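These notes are about the structure you will find just below.
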Amino acid sequence: HAQATDESATLEQQQSVDEIVITGSRIRGVAPVGSAMISLGRAEIDASPGITAVDLLREVPQVVNLGNDASHRGVQGGQANTRFASGVNLRGIGPNATLLLVDGNRMPSSGNLVHFVDPSVIPTVALQRMEVVADGASAVYGSDAVAGVVNMILRDDFQGAETSVRFGVADDYDKRQISQLFGFGWESGNLMLAYENSFNINLVGGDRSWYTSDQTPRGGQDYRSAYCNPGTLIVGGVRYAIPAGQDGTALDPSQLVPNTENLCDDIRNTDLLPRSDRHSVIVKGTQELTDRVRLNTMGFYSERDFRIHGYLDTSRANAALLVPNTNPFFVSPDPSATSVTVNHLFPEEFGLSTNYGTSDSWIGIADLTADLFADWRGVLKGSYGESKDLIKTGNAIITPALNVALRSSDPNTAYNPFGDGSGMNPAVLDSIRGEQVADVRHRLITASLEANGTLFELPAGRVALAVGAEHREERYGVDTLRTDGSRSVDVSDREVQSAYAELFIPILRGVTLIDSLDASLAIRYDRYNDFGSTTNPKFGVNWSPTPGLTMKASYGTSFRAPSLSEINATPTIFQRVLADPLSPTGQS
C-alpha cells in the first residue's frame, strides 16, 4: 500500500495548510527536492493486514526484510540481536544506517553491539502516517541517516474514541493486537492518548515441514550439522560415528566404524519466532499559550517481554570436546591415543538454550513554537529518553566447569560425551549449566533551536530557508554477568554539536517543457567529542516537464559515525585450523 507523494498535491497542501513539515526537508510545506518520498497514510494503515509498525513498513519496497529482525539472526548484525527486536533496514545497508524519527524527533536507541530503534514501540493506532525517504539524508538530519529516514507522524487532531482489534493466524501460530485511542479537543489545544498491546506466540521450526537443514530433496544442499548426539569421534584426523541407542557407558572400540559421521537437523527444535508480549502507551498534547506561542508535548513508554528457545548459539549448544584418556568413559579406536575429539551436541536432558528478558524504552519531548514575523517560525525543543534491555540466557554452558568434568576420573563427576546422554548423572549436567545476564542501557538528551520561513519571492514562487542548531548527549552502558561468575561493565558517553541550513529555490514555472523546476541546497556540520567532525552537503533538483511527471536528481555525501559500542569494542581474533603441507603436523 506504499504511495509516492504527488508534488502537485503537496503544493495544494502547502497553500491550504502551511503547518505541514514533510520528511526530508526542514522547510514547512516543501517536499524533499531530488529525493522521492513514500507515504503510508491512515487509510493504508487501516486497510493493511499488518499488525505492528514493522509489518506496515515491510510493505514499502525500499525496506529490505533483512538484518535486525525477530526472524533473522545471521545477517547484518542479526547475531548481535539477542533481544530479538526489529529495526528498519532501508536499501539493505543495515538498520543502524537508517534514522527513525517520531514527529521529527530522535528516539533512544536500544541494543548491545548494534544500536537501533524498534518502530513497534509506537502504537499503530496513534499513527497518522509514516513517511519514508530512502535517500541519504545526512545533510538534513545527521550522520546516522546514511540510508535514509523514516518518520512516524502521530495523530493530533483526533477527537472521540477508537478501539481496534486485529488478529492473525497461521498453522501453529497466531498474533493479536488490541488498541485504544482517545482524543480530546478544546478551543486552544488538544490531547491524544493511545494504548496498545501486541502479542504473538513462538513458532517452532518443527511446525514447518519445509524448515529442515537437508534441502537436497528440494534441489538444494545438505546443511545438517556435524555436531550431534550421539556425536562423532575424531582421532588422528579420522572420523568415527558414535552408535545411537547407547548411553556411552559400555561403548566398545570395535563398534566405531572409520570414515563415518553423524549429521543432525538441530534447527527443527529451534524457535523461528520468539514469544513476544508488548505494552505501549503514548500521549501527545498541544496548548496555545498566546496568539503566537504554542506548547507541544509528547511522551511514550513501551515494555516488551520476550522468550525464544532452541539451538540459538552454537557456543551454547554444541562443541568440539577434547576428552583426555583420564575420563572414565574414554573410548578410542587407537589404543595409543591420549585424547580424542568429540563433535558433540549437548543432550536433550541438558535442555535447549533459552533467551528471555525485557526491553523497556521511554521518552519525554517538549517544544515551544513561536510565530516570529511574516511567515517565519521558531522552535525551541528539548527531550530526555532512556531504554533498558535485560537479556538472560538460560541453559548456557559453563566452559571451565565442563573442562573439569571432561578431565575428571570419577564416574560420578565426569562428563560422558560418548553416548546419547540418557545415562548422564543429573548432578554433572547441573554443574555445567549456567545463566548469562546482560543489562544494556541507553540514554538520549537533545536540545535544539531552529527557524524557517520565506526569504523573498521570485516569479516562480517563494525562496525559503531553514536554519538550526542541535545538541545531543548519548550514554551507553552494558553490565554482563557471565556463566563462569566473571563480570564486565562498560559505560561510554558522547556529545554531538550540530548546525545546519537548507535553502529552497523555485526556478521556473509554466514555460515550454518546464511545468516546474525547483532546486534545494542543504548542508550540515556535526562535531563528535569522541570521534571528530563531518560536514555533509546535498544538492537536489526536481524537474516536471508536464503535470504528473517529475524527474528527480540529487548529489550529496553521507557519513555514519561509529556507535559507542563500536568505538569501545574489544578486539576479537577468529582462528581456524587449515591444512598446511609445509607444517610438521600438516595443519596450521
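The values are calculated or read from the model by the stated rules, or taken from the named source; none is laboratory data. Predicted, not measured: the structure shown is a model, and the values here were computed from it. Glycine also receives a Cβ, built like all others from the backbone with ideal geometry; neighbour counts cover every protein chain displayed. Side chains included, ligands, DNA and RNA excluded: accessible areas come from the protein's heavy atoms. Shrake-Rupley method; radii C 1.70, N 1.55, O 1.52, S 1.80 Å.
For segment 275-414, rounded, prolate or oblate, judged on the Cα gyration tensor with a ≥ b ≥ c (square roots of eigenvalues), a/c < 1.5 rounded, else prolate if a/b > b/c?
prolate
Report the one residue of Ala370, Asn327, Ser353 whose Cα lies farthest in the direction of the positive end of the charge dipole of segment 256-402 (charges on C-beta: Lys and Arg +1, Asp and Glu -1; origin at the Cα centre).
Ala370
Helix-only mean residue ellipticity at 222 nm, the chain, DSSP H runs n ≥ 4 weighted -39,500 (n - 2.57), per residue, nearest 500. What is it?
-2000 deg cm²/dmol
Label-point separation (nm) for Ser339 and Gln587, each offset 7 Å from Cα along Cα-to-Cβ?
Modelled inter-label distance: 1.1 nm.
For segment 444-488, calculate the relative contact order in percent as a whole number, restricting contacts to Cα pairs under 8 Å that are 6 or more residues apart.
37
With the contact rule set at Cα under 8 Å and sequence spacing of 6 or more, what percent relative contact order holds for the chain?
About 12 percent, as a whole number.
For segment 396-506, count all C-alpha to C-alpha pairs, find those more than 23 Å apart, and express that count as a whole percent of the total.
Result: 63 percent of Cα pairs exceed 23 Å.
What percent does the relative contact order of segment 135-188 come to when contacts are Cα pairs within less than 8 Å and at least six residues apart?
Relative contact order of segment 135-188: 28 percent.
Enter the angle in degrees (range 0 to 90, nearest 10) between the Cα long axis of helix 7-16 and the first principal axis of the Cα atoms of the chain, meaning the one along which they spread out most.
The helix 7-16 is inclined about 50 degrees to the chain.
Would you list, by chain and number, the lysines whose Cα falls below 29 Å from the Cα of Lys538, excluding same-chain residues fewer than 8 positions away?
Answer for Lys538, where 29 Å is the Cα cut-off: Lys381, Lys552, listed by chain and number.
Between Phe373 and Thr249, how high is the FRET efficiency from 1/(1 + (r/R0)^6) when r is the Cβ-Cβ distance and R₀ = 60 Å? Nearest 0.05.
Efficiency at R0 = 60 Å is approximately 0.10.
If you place +1 on the Cβ of every Lys and Arg and -1 on the Cβ of every Asp and Glu, how big does the dipole about the Cα centre of segment 99-173 come out, in debye to the nearest 20?
The dipole magnitude comes to about 120 debye.
Beyond 35 Å, what percent of the Cα pairs of the chain remain?
Result for the distance tail: 49 percent.
Report D for segment 469-567 in µm² per second (integer): Stokes-Einstein, Kirkwood Rh on Cα pairs, 10 °C, 1.306 mPa s.
92
What is the extension gain from Leu578 to Arg407, computed as 0.36 nm multiplied by their sequence separation minus the C-alpha to C-alpha distance, in nm to one decimal?
Answer, rounded to one decimal: 58.9 nm.
Once the other residues with Cβ under 14 Å from the Cβ of Ala366 are scored (Lys, Arg +1; Asp, Glu -1), what is the net sum?
Residues near Ala366 contribute +1 overall.
How much net charge surrounds Val496 when only other residues with a Cβ under 12 Å from its Cβ are counted (Lys, Arg +1; Asp, Glu -1)?
In short, -3.
Between exposed GluC sites (Glu not before Pro) in the chain, where DSSP calls loop and at most 12 other Cβ atoms lie within 10 Å, what's the longest gap?
Answer from the scan: 188-588.
Size of the dipole of the chain about the Cα centre, Lys and Arg at +1 and Asp and Glu at -1 on the beta carbon, nothing else charged, in debye to 20?
The dipole magnitude comes to about 660 debye.
If R0 is 22 Å, what FRET efficiency do you get for His471 and Leu503 from their C-beta distance, rounded to 0.05?
0.40
All other residues with a Cβ under 11 Å from the Cβ of Asp277 taken together, and with Lys, Arg as +1 and Asp, Glu as -1, what is their net charge?
Surrounding charge for Asp277 is +4.
Could you work out what % of the accessible surface of segment 449-588 is carbon and sulfur, using a 1.4 angstrom probe and leaving DNA, RNA and ligands out of the count?
C and S atoms contribute 60 percent here.
Enter the accessible area per residue of segment 145-239 (Å², integer; probe 1.4 Å; all protein chains in place).
Accessible area per residue: 50 Å².
Residue-wise, which Karplus ³J(HN,Hα) couplings in Hz belong to segment 127-132, taking 6.51 cos²θ - 1.76 cosθ + 1.60, θ = phi - 60°, and x for glycine or proline?
Those phi angles translate into 8, 8, 6, 10, 10, 10 Hz.
Using a Förster radius of 35 Å, what is the FRET efficiency between Ile201 and Tyr555 based on their Cβ-Cβ separation? Nearest 0.05, please.
0.10
Among Phe539, Val102, Gly205, whose Cα projects farthest towards the positive end of the dipole of the chain, with charges put on the beta-carbon of Lys, Arg (+1) and Asp, Glu (-1)?
The residue sitting most towards the positive pole is Phe539.
Working out 0.36 nm times the residue gap between Glu59 and Leu380, then minus their Cα-Cα distance, what length gain in nm do you get to one decimal?
So the chain would gain 112.1 nm between Glu59 and Leu380.
Could you work out how far apart the two model spin labels at Arg208 and Glu303 are, taking each label as a point 7 Å from the Cα in the direction of the beta carbon, and quote it in nm?
Output for this residue pair reads 3.2 nm.
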